[in-house]
1. List pairs: first in segment 172-191 and farther than 16 Å from N236 by Cβ, second at pLDDT 95 or above and part of a helix (DSSP H, G or I), Cβ under 6 Å, 6+ apart or cross-chain?
2. Only one of these is out of contact with any strand residue (DSSP E or B) (no Cβ under 8 Å at 6 or more places or on another chain), in contact (Cβ under 8 Å) with a residue 12 or more places away in the chain and on the phi < 0 side of the Ramachandran plot: F345, F277. Name it.
3. Looking only at segment 31-44, filter to residues that are among the polar types (S, T, N, Q) and more than 12 Å from T280 (Cα to Cα); which one of those is surrounded by the most Cβ atoms within 10 Å (Cβ to Cβ)?
4. Name the pairs whose Cβ atoms lie under 7 Å apart, with the first residue in segment 238-266 and closer than 23 Å to N322 by Cβ and outside any loop (DSSP other than H, G, I, E, B), the second polar (S, T, N, Q) and open to solvent by less than 60 Å² (accessible area, probe 1.4 Å), and 6 or more positions between them or separate chains?
5. Kindly establish whether P161 is touching a residue at least 40 places away in the same chain (Cβ under 8 Å), open to solvent by less than 10 Å² (accessible area, probe 1.4 Å), under 17 Å from the mean Cα position of the chain (by Cα) and over 27 Å from K243 (Cα atoms).
6. Name the residue, out of Y218, Y227, that is modelled with pLDDT under 95 and closer than 24 Å to N158 by Cα.
7. Out of the residues in segment 164-174 that are surrounded by fewer than 16 Cβ atoms within 10 Å (Cβ to Cβ) and out of contact with any Leu (no Cβ under 8 Å at 6 or more places or on another chain), state the one that is nearest to V92 (Cα to Cα).
8. May I ask you to say which residue of I202, I184 is open to solvent by 20 Å² or more (accessible area, probe 1.4 Å) and among the hydrophobic types (A, V, I, L, M, F, W, C)?
Amino acid sequence: IMRKIKLLFLGVLLLNIKFCEAQINPAIASYVKYLNSESISANEYVLGLFKTHDIVIICERLHPEFTQYEFLVDIINDKRFISEVGNVFTEVGVSSLNPSLNNFLHTRNLSKGKRDEHILDFRRDLMWSVLWEPSNYTYLLESIYNINSKLDDNDAINFYPSDIPFDWKKADSLYFATTVLPLIKNRDSVIASQIIRQFDQIKKSSSKHKKALVIMNYRHAFNNNFYTQDGKQIKNVALFLFKQYGNRVANVLLNCNGWDKKDNAPLLQEGKWDAAFAATGNKSKGFNLMNTPFGKDSFDLWVPGNAGFTYQDVFTGFVFYNPIEVQKLITGIPGFLDSAYLDEFFRRYRL
């Protein structure tokens, strides 16, 4: 009797599988089949890349999207990242914030009020623009501070904002004209050179942390294979990193929307990727793009640069974390414009 029950159960299970397969739109069948064969989560995939690479670049979604930073903080807080990687570089944040920012993040036993006060000061000076409104950067700094507060100093996470060097205390019209604007015109090469210089110092140092997570937005994360339709090679940050370190670098696309020629934000592959993940339960996953249905698709993340490339030409890997319908664009910095800062804010605004 038990054998008959088991055979009946197996038969029903197979029928259910066949029925589910029959319901899949043929346009996404190959993607669904591939996703059903993959079981590595987004976190595990990124952490696994550090076994064979010194630098892993994450291609960020829209800057204000908040849940992507929950994903990144989960990685940074992992004991493997703490022991084996330990360094974070960001596109956002002028490099002049260091060493004061790193000193703060390595400080222990500050009250929450004092911690928040320091972070607010860093938020005001964060960029060469007057305001950087995404809330997730505050969350990132708070999280790294809290992670470090539980670690010995030689285990603490190092954090390197890498945008152009800039100091609001020096800022006047001449400073903008002669120093800032020339740097902005070459911003990618400046960011990359600062990452390279700092990373080379890390490699030569006595620190046990010899690897790095690099967070870049959209085209800044495209590799050195990327050309525009007219044959021009855009000098993205990742281009310089790949040229400097070769296969020691990996770049990973985080599921997001694309950009068309009118600055609309369509879904990738007309929504087929999102539909395939939805059909398989929107599970967190990560995988190399080479020789996958995703990797072989025409590169439509950034239409102005679509010159016959596939995704596997431009990115090492892909991670899926949260479908687009639960992603959150959150802006705002509580306390940013108080009475004590008001005059300085408008001075900067006029500049």
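1. L183/V190
2. F345 is the lone residue from the list that is out of contact with any strand residue (DSSP E or B) (no Cβ under 8 Å at 6 or more places or on another chain), in contact (Cβ under 8 Å) with a residue 12 or more places away in the chain and on the phi < 0 side of the Ramachandran plot.
3. N43
4. So the pair list comes out as A250/T316; N251/N223; N251/T316; V252/T316; L254/Q68.
5. Spelling it out, it is not the case that P161 is touching a residue at least 40 places away in the same chain (Cβ under 8 Å), open to solvent by less than 10 Å² (accessible area, probe 1.4 Å), under 17 Å from the mean Cα position of the chain (by Cα) and over 27 Å from K243 (Cα atoms).
6. Y218
7. Step by step, filter segment 164-174, then rank; the result is D167.
8. It is I184.
The values are calculated or read from the model by the stated rules, or taken from the named source; none is laboratory data. Since the structure is predicted, the reported quantities are computational estimates derived from the model, not experimental observations. FYI the Cβ positions are ideal-geometry reconstructions off the backbone, even for glycines, and counts take in every protein chain you see. Accessible surface areas use protein heavy atoms only, side chains included; no ligands, DNA or RNA. Shrake-Rupley method; radii C 1.70, N 1.55, O 1.52, S 1.80 Å.
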